[in-house]
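Report on the structure given below.
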Protein chains: 2
Amino acid sequence: MVAIVDGSITKFGKRKESLLQLISEVGIPLVKKYEIDFVIVSNTYSGELNSISGLNNLATTYLGIDKVPSIRVDNTSGSGGSALLVAKSLLDSKMANTVLVIGAEKMSEKSTKQVTSVIASLLPREERMAGLTLPSLAGLLSKEYMKRYDAPREAFARVAVKNHHNGSLNPYAHVQKEVSLEEVLKSPVIADPLTLYEFTPISDGACALLMVRSEDSYSFTKKPVFIKGIGTASDTSSISERENILSLNSVRNAGVIAKKTAKVEKVDFAELHDMSTVLEIVQAEELGLLKKGEGWKAYFDTVTEINGEMPINTSGGLNSKGHPIGASGVAQAYEAFLQLRREAGQRQVKDARTGLSLSMAGFGNSATVLIYGEEP
Amino acid sequence: MVAIVDGSITKFGKRKESLLQLISEVGIPLVKKYEIDFVIVSNTYSGELNSISGLNNLATTYLGIDKVPSIRVDNTSGSGGSALLVAKSLLDSKMANTVLVIGAEKMSEKSTKQVTSVIASLLPREERMAGLTLPSLAGLLSKEYMKRYDAPREAFARVAVKNHHNGSLNPYAHVQKEVSLEEVLKSPVIADPLTLYEFTPISDGACALLMVRSEDSYSFTKKPVFIKGIGTASDTSSISERENILSLNSVRNAGVIAKKTAKVEKVDFAELHDMSTVLEIVQAEELGLLKKGEGWKAYFDTVTEINGEMPINTSGGLNSKGHPIGASGVAQAYEAFLQLRREAGQRQVKDARTGLSLSMAGFGNSATVLIYGEEP
Ligand SMILES: [Ca+2]
């Protein structure tokens, strides 16, 4: 088993700093304190968006640790989860005793149109040609969900209200302001029926974690956070080939594996991959956090709020915290780290002892679920 | 310990097939025969050169195994070595029982000028601005080597003659023809004194390997090839900061670690990262395969030829086989696999029992050395 023993995050948002400066901002505090054996940079678009290749080697040079071996791990939006999985493997196999995982993406150097086009390059050619984009798929999913489960459109908007509230309590979140239900419903439609506030903004940001094997962790900190289980699973990239757009098989399967390896049935909070509001509900159902077909009802109550029975996206989620592609999955783990150390400030979940995060690529092409605990 | 139990390669060269078609060409024969737990795609430039992101997820869809989890591992020219290191870790940590590593790059979609500019994006900004490129660094290195060790310029040209001869015996090599010493010396100068034939061409290609834990390997094949040791090390990306341009610290350090973990002192053949001819000599010296400062003398004799005492780049090396960035390190391991199974045809090294490969990023930013054996 492995543990997270320290971490660091930048404010997410439109940042003036370059990609390598964001990496330095989170990496330098950690390399000053610890001897690092291996660096994993979780990043997808340094070439397309920042004209940089060999990012991991440039990163170690910027951090002043250029003798330390490094790689870049990419799995698009799910890169962070994959990077944590690789870090765990390197530690398990004793290829390294300390691994620094840095998730980072600098997206605002290019126009929104360019970013959208680059992100669409992960869809199969035929679907791209048919004009499908990730937002349009979210629109389709929400309509299907409403039809199948007789859910009101307002349920999705309520996800945004809750996540913007949580984000307003997170000093590192991109959006940093509350929105009302009316504001969400009246904001411009992006993919019918979903509106602007129901999609993650385009953000820059970075997050770093120091990981070690569990047996070493107490020599780094009094409060390590243990990765009790990890599961990864995949599904077809081609949405049109899926039997049922409402089934995120990769999410469900990754969750089953993670819970089984962790020997944990119930968690005290979860960070999900709410690229759009509807995804949070469907993911929570696939992971067994909310009841299948009834997840939407939880949003007409306090269930998923910070003080509810099943707090979801206390950080603000991708929806309000932002989604710098390679950084997101790492930042989810950082929120779990803060929660389980009782360091989440105004967002603190009371008596949090176990948590879960879901890092997802594309529209469920792949998923990595991690389960965290304050005890090994 | 882990082993390679099967493999597949495309012909390297200017190929009409797309990146995903090249991946299918090597992947499909293996996914038809084996159950795959995890896919690692070793690739650097799918975004910049092929407008594809999420390559690993598209790859599993093309291979008809889209339920299998996957990631992309990038370390520029050294991606292949890094991917093998990650594969070993995943197997060691039992995150997977079978890992399919696919190295692939499709470079000829863009013009040579565009490719050169994209590759230069791995250099630190200041060095890029100063007009440094990887070829210009190779030119500087060769002049320094000649001066320091009183070596004749012809030594480098002889590397190209030997590697083109080997490549002419390799049906998968890009160049497929012998060149004479005169032809090498008279071809256009790329970076004084080095000429066209002394640099790797721009190639497309893919190579796949199936890896399992050693204890499982004999249930896959009668002749597994074991990865006895692996070492990875890094150095500054900034060449101007190095004390001595002739010292490839990452190569030397990775070699020391690999030999120590393998408990092997002498190998029977080596595949090196001869992006240019001079690098083969300097790398062979750093790895202790040839004597420091005297490596060039071996090329006025038969030492490094297929039937010599220390055969180097029997495959033709990057120089003649080609260098599809993400594929190269994987293809080196495939050559070792063939040699140790006595399946290298006209290139077969007699009584080969142990081999070495060096996968290098940039100009020695990082290096991964693997040591292979026919026995565990
Ligand atoms: Ca470096």
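The values are calculated or read from the model by the stated rules, or taken from the named source; none is laboratory data. Values in this document were obtained by computation on a predicted structure and should not be read as measured data. With ideal geometry, Cβ positions are generated from the backbone for all residues, glycine too; neighbour counts draw on all protein chains shown. Ligands, DNA and RNA are stripped out before the accessible areas are found, and what is left, the full protein with its side chains, is counted by its heavy atoms. Shrake-Rupley method; radii C 1.70, N 1.55, O 1.52, S 1.80 Å.
Considering only region B:249-258, how many residues are open to solvent by less than 40 Å² (accessible area, probe 1.4 Å) and away from every other protein chain (no Cβ under 13 Å)? If you could, list the steps in order and put the result at the bottom.
Here is the first cut: in region B:249-258, the residues open to solvent by less than 40 Å² (accessible area, probe 1.4 Å) are B:249-251, B:254-255, B:258.
If we keep only those that are away from every other protein chain (no Cβ under 13 Å) too, we end up with B:255.
Residues in region B:249-258 being open to solvent by less than 40 Å² (accessible area, probe 1.4 Å) and away from every other protein chain (no Cβ under 13 Å): 1 in total.
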The lone condition B:LEU90 fails out of (1) open to solvent by 10 Å² or more (accessible area, probe 1.4 Å); (2) within 8 Å of chain A (Cβ to nearest Cβ); (3) part of a helix (DSSP H, G or I) is (1)
Suppose we keep only residues that are aliphatic (A, V, I, L, M) and assigned to a helix (DSSP H, G or I) within region A:329-376. Which one would you say is nearest to A:LEU290 (Cα to Cα)? A:ALA336
Please determine whether any residue of region A:101-116 is at the interface with another protein chain (Cβ under 7 Å from one of its Cβ atoms) and open to solvent by 20 Å² or more (accessible area, probe 1.4 Å). no
For residues in region B:230-244 being over 21 Å from the mean Cα position of the chain (by Cα) and away from the ligand (no atom under 13 Å from the Cβ), which is surrounded by the fewest Cβ atoms within 10 Å (Cβ to Cβ)? B:GLU243
Tell me which residues, restricted to region B:359-376, are away from chain A (no Cβ under 14 Å), touching a Ser or Thr at 6+ places or on another chain (Cβ under 8 Å) and either within 16 Å of the ligand (Cβ to nearest atom) or not β-branched (Val, Ile, Thr) (or both). B:TYR372, B:GLY373, B:GLU374, B:PRO376
Name every residue in region A:56-87 that is within 8 Å of chain B (Cβ to nearest Cβ) and within 17 Å of B:ALA233 (Cα to Cα), in order of residue number. A:ASN56, A:ASN57, A:LEU58, A:THR60, A:THR61, A:ASP66, A:LYS67, A:VAL68, A:PRO69, A:SER70, A:ILE71, A:ARG72
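Kindly establish whether B:THR232 is under 20 Å from B:ALA336 (Cα atoms) and at pLDDT 95 or above. Let's see the steps before the verdict.
Numbers: under 20 Å from B:ALA336 (Cα atoms): yes; at pLDDT 95 or above: yes.
Here the answer is yes, as B:THR232 does meet what is asked.
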What residue, of B:ASN43, B:ASN97, is under 30 Å from B:GLY364 (Cα atoms) and within 14 Å of chain A (Cβ to nearest Cβ)? B:ASN43
Subset of region B:101-116 [under 11 Å from B:VAL330 (Cβ atoms) and of a type in the set (A, V, I, L, M, F, W, C)]: B:VAL101, B:ILE102, B:ALA104
Near pairs, Cβ below 9 angstrom, 6+ apart or cross-chain, from region B:233-246 (within 11 Å of chain A (Cβ to nearest Cβ) and among the acidic types (Asp, Glu)) to any residue that is more than 9 Å from the ligand (Cβ to nearest atom) and open to solvent by 20 Å² or more (accessible area, probe 1.4 Å): B:ASP235/B:ARG242; B:ASP235/B:SER247; B:ASP235/B:ASN249; B:ASP235/B:ASN253
For A:SER219, all conditions in the list (1) within 29 Å of A:ARG353 (Cβ to Cβ); (2) hydroxyl-bearing (Ser, Thr, Tyr); (3) under 18 Å from the mean Cα position of the chain (by Cα) hold save one; what is the number of the exception? (3)
Hey, among the residues in region A:190-232 that are of a type in the set (Gly, Ala, Ser) and away from chain B (no Cβ under 14 Å), which one's nearest to A:LEU132 (Cα to Cα)? A:ALA191
Members of region A:54-97 that are in contact with a Gly (Cβ under 8 Å, 6 or more places away or on another chain) and within 13 Å of the ligand (Cβ to nearest atom): A:GLY54, A:ASN57, A:ALA59, A:TYR62, A:LEU63
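Tell me, please, whether a residue that is among the hydrophobic types (A, V, I, L, M, F, W, C), away from every other protein chain (no Cβ under 12 Å), part of a helix (DSSP H, G or I) and more than 21 Å from the chain's Cα centre (by Cα) can be found in region B:129-137.
Residues of region B:129-137 among the hydrophobic types (A, V, I, L, M, F, W, C): B:129-130, B:132, B:134, B:137.
From what's left, away from every other protein chain (no Cβ under 12 Å): B:129-130, B:132, B:137.
Still in the list and also part of a helix (DSSP H, G or I): B:129, B:137.
After this cut, where a residue has to be more than 21 Å from the chain's Cα centre (by Cα) as well, the list is B:129.
Within region B:129-137, one or more residues are among the hydrophobic types (A, V, I, L, M, F, W, C), away from every other protein chain (no Cβ under 12 Å), part of a helix (DSSP H, G or I) and more than 21 Å from the chain's Cα centre (by Cα).
Scanning region A:196-221 for residues that are open to solvent by 10 Å² or more (accessible area, probe 1.4 Å) and of a type in the set (A, V, I, L, M), which turns out nearest to A:ASN163 (Cα to Cα)?
Here is the first cut: in region A:196-221, the ones open to solvent by 10 Å² or more (accessible area, probe 1.4 Å) are A:196-197, A:199-202, A:213-216, A:218-221.
Adding the requirement that they be of a type in the set (A, V, I, L, M) leaves A:196, A:202.
Working: A:LEU196: 14, A:ILE202: 16 Å.
Within region A:196-221, the match that is nearest to A:ASN163 (Cα to Cα) is A:LEU196.
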Is region B:143-166 home to any residue that is over 30 Å from A:VAL86 (Cα atoms), open to solvent by less than 40 Å² (accessible area, probe 1.4 Å), in contact (Cβ under 8 Å) with a residue 40 or more places away in the chain and β-branched (Val, Ile, Thr)? yes
Cβ-Cβ under 6 Å, sequence separation 6+ or interchain: first residue in region A:190-205 and without any contact (Cβ under 8 Å) to a residue 24 or more places away in the chain, partner assigned to a strand (DSSP E or B). Which pairs? A:LEU196/A:ILE190
Scanning region A:37-53 residue by residue, the ones that are within 16 Å of the ligand (Cβ to nearest atom) and touching a helix residue (DSSP H, G or I) at 6+ places or on another chain (Cβ under 8 Å) total 8
Every residue from region A:274-301 that is in contact (Cβ under 8 Å) with a residue 60 or more places away in the chain, of a type in the set (Asp, Glu) and surrounded by fewer than 16 Cβ atoms within 10 Å (Cβ to Cβ): A:GLU294
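Taking the stated definitions as given, is A:LYS16 within 13 Å of the ligand (Cβ to nearest atom), surrounded by fewer than 20 Cβ atoms within 10 Å (Cβ to Cβ) and free of Cβ contacts under 8 Å to residues at least 12 places away in the same chain? Explain how you work it out, then say what you get.
Values: within 13 Å of the ligand (Cβ to nearest atom): no; surrounded by fewer than 20 Cβ atoms within 10 Å (Cβ to Cβ): yes; free of Cβ contacts under 8 Å to residues at least 12 places away in the same chain: yes.
It is false that A:LYS16 is within 13 Å of the ligand (Cβ to nearest atom), surrounded by fewer than 20 Cβ atoms within 10 Å (Cβ to Cβ) and free of Cβ contacts under 8 Å to residues at least 12 places away in the same chain.
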Only one of these conditions is not met by A:TYR62: (1) of a type in the set (Ser, Thr, Tyr); (2) open to solvent by 10 Å² or more (accessible area, probe 1.4 Å); (3) free of Cβ contacts under 8 Å to residues at least 12 places away in the same chain; (4) touching a helix residue (DSSP H, G or I) at 6+ places or on another chain (Cβ under 8 Å). Which number is it? (3)
Find all pairs meeting these conditions: Cβ atoms under 6 angstrom apart; at least six residues apart or on different chains; first residue within region A:302-331 and without any contact (Cβ under 8 Å) to a residue 24 or more places away in the chain; second residue open to solvent by less than 10 Å² (accessible area, probe 1.4 Å) and assigned to a loop (DSSP other than H, G, I, E, B). none
Go through the residues of region A:79-87 one by one and say whether even a single one is touching a residue at least 12 places away in the same chain (Cβ under 8 Å) and surrounded by fewer than 24 Cβ atoms within 10 Å (Cβ to Cβ). no
Among the numbered criteria (1) open to solvent by 10 Å² or more (accessible area, probe 1.4 Å); (2) of a type outside the set (D, E, K, R); (3) within 16 Å of the ligand (Cβ to nearest atom), which single criterion is violated by A:GLY7? (3)
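What do you reckon, is B:PHE300 closer than 21 Å to B:LEU194 by Cα and either within 16 Å of the ligand (Cβ to nearest atom) or out of contact with any helix residue (DSSP H, G or I) (no Cβ under 9 Å at 6 or more places or on another chain) (or both)?
Values: closer than 21 Å to B:LEU194 by Cα: yes; either within 16 Å of the ligand (Cβ to nearest atom) or out of contact with any helix residue (DSSP H, G or I) (no Cβ under 9 Å at 6 or more places or on another chain) (or both): no.
Considered against the rule, which asks whether it is closer than 21 Å to B:LEU194 by Cα and either within 16 Å of the ligand (Cβ to nearest atom) or out of contact with any helix residue (DSSP H, G or I) (no Cβ under 9 Å at 6 or more places or on another chain) (or both), B:PHE300 comes out as no.
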